[in-house]
1. For the pairs 191/397; 116/262; 116/397; 116/393; 82/354, flag any whose C-alpha to C-alpha distance is greater than 25 Å.
2. If you build the Cα gyration tensor of the range 373-422 and take the root of 5 times each eigenvalue, what three semi-axes come out, in whole angstrom, biggest first?
3. Put +1 on the Cβ of each Lys and Arg and -1 on the Cβ of each Asp and Glu in the chain; which of 337, 176, 138 then has its Cα farthest toward the positive end of the dipole?
4. Give me the tail of P(r) for the range 197-293 as a percent: Cα-Cα pairs with distance above 15 Å.
5. Specify the angular offset, from 0 to 90 degrees and rounded to the nearest 10, of the alpha carbon long axis of helix 385-398 from the longest principal axis of the alpha carbons in the chain.
6. Would you please classify the overall shape of the range 269-394 from the alpha carbon gyration tensor, given that a ≥ b ≥ c denote the square roots of the eigenvalues, rounded means a/c under 1.5, and beyond that prolate means a/b larger than b/c while oblate covers the rest?
7. Given points 7 Å out from each Cα along the Cα-Cβ axis, report the residue 198 to residue 226 separation in nanometres with one decimal.
8. Could you give the size of the charge dipole of the range 141-256 about its Cα centre, using +1 on the Cβ of each K and R and -1 on the Cβ of each D and E, expressed in debye and rounded to the nearest 20?
Amino acid sequence: MQAGFALVETGFCRAKHASHVVSTNFAIFGLGFIGFFLIGYPLMFGGYSVPLIGMDQATGTNLLGSGEWVFLWQGGWAGSGKAFYTAGAMAFFLYMVAFMDTVATIPTGAMAERWKWNAFVGWGLFCGAIYYPLFGAWTWGGGWLSQLGNSMDLGAGYVDFAGSGVVHAVGGVAGLAGALVLGPRIGKFNKDGSANVMPGHHVPMAMLGTFILLFGWFGFNAASTFAATDTRFAVVALNTAIAGAFGSISAMFFMMSRGDKKPDPGMMVNGMLGGLVAITAPCAFVQPWAAAVIGILAGVLVPWAAGFIESKGVDDPVGAVAVHGVGGTFGVLAVGIFSDGQYGAGWNLTTTTKEGVTGILYGGDGVGQFISQLVGVIVIWTVIFGIAFAFFKIQNKLMKGGIRPSAEMELEGMDIPEMGAL
């Protein structure tokens, strides 16, 4: 996954920034990993257990409130504590750190070509330690959003099989927050507000990165069953491929229906990624036809959203906000629309319903499920966006000269001034 992101973002950016962009994608793995290991993992999963994989006790103990309304957990910092030193807990960390890494790397695309290295380093540590684990604790860590089924009889609570919201939308709103604080690249917009095209230097690199991401997505989604004995992983894998395929071709035809009637390589890439992002939450709960519909809709929604975001004066060099923020939001809501109730009974340890995860198209608890998903979306676009925006604003205020490089450095390209390597 990280290799794919690195190639996509670097290919879509200009050559004079290539070392800088690819280095942010490389370094974010280590930075986020360290933050997640020291603080983030126990913050997110300190009160969580997965007996299926041998993680039979929580990493830490409850700090505030009951399990249903947990805000923070304590214990297990930096891998300490005997509960962490088990094969199950350590395997779970190794798997979950990849999801954190995706959140952390999404803003490196939205904020590319005008982000100081030192400011980026601060983001990587903050994301792994605090930003991602907070919403993660409320959803995957047994917190209040996951328990909306038990506490308010809203379906199975917030359901997100592999992270359309927990990972992609959370990363997407952070990218939007950072892009707003940074402002657009020099030369992106004219005085009348119209946008100029600033093409990337290597389209084949970006497309190769997309295929690598497609392959990585099978681990991202299918392995989220946590066990090969749960043969639902086959449903997940096929649904993932279906949505990616339909998303790419849907975006292609959408672009061919406009303006110059030509397909846009960049939008074909983002259409596939949008389909993959959107299917990530519902992939285990929907039928193949629904996966195709989700891919088709995402393939139109993402390029439309990219144009809308640009029309509002927001500069996102790779379309990360549209792909992950908007595509991820759609994926979260898709759970509450297309889930057919055949899988997920007892999800989130919900005891108020005995049926599987069900969307509004299939009756049952569908309305309640959709409301749970909607609550999650509202939290992402208000609270979580607000935390990211506040972080970048405060960082911009505290750092000498702010988080953006000088105009001279941006125009020259940040490879030599920031990285010392062209």
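The values are calculated or read from the model by the stated rules, or taken from the named source; none is laboratory data. All values reported here derive from a predicted model rather than from experimental measurement. Here the Cβ is made from the backbone with ideal geometry for all residues, glycine too, and neighbour counts use every protein chain on show. Side chains included, ligands, DNA and RNA excluded: accessible areas come from the protein's heavy atoms. Shrake-Rupley method; radii C 1.70, N 1.55, O 1.52, S 1.80 Å.
1. Beyond 25 Å between Cα atoms: 191/397; 116/262; 82/354.
2. They are 33, 14, 8 Å, listed largest first.
3. My answer, from the dipole projection, is 176.
4. Cα-Cα pairs of the range 197-293 separated by over 15 Å account for 61 percent.
5. 50
6. In terms of gyration-tensor shape, oblate.
7. Calculated label separation equals 4.4 nm.
8. Rounded to the nearest 20 debye, it is 400 debye.
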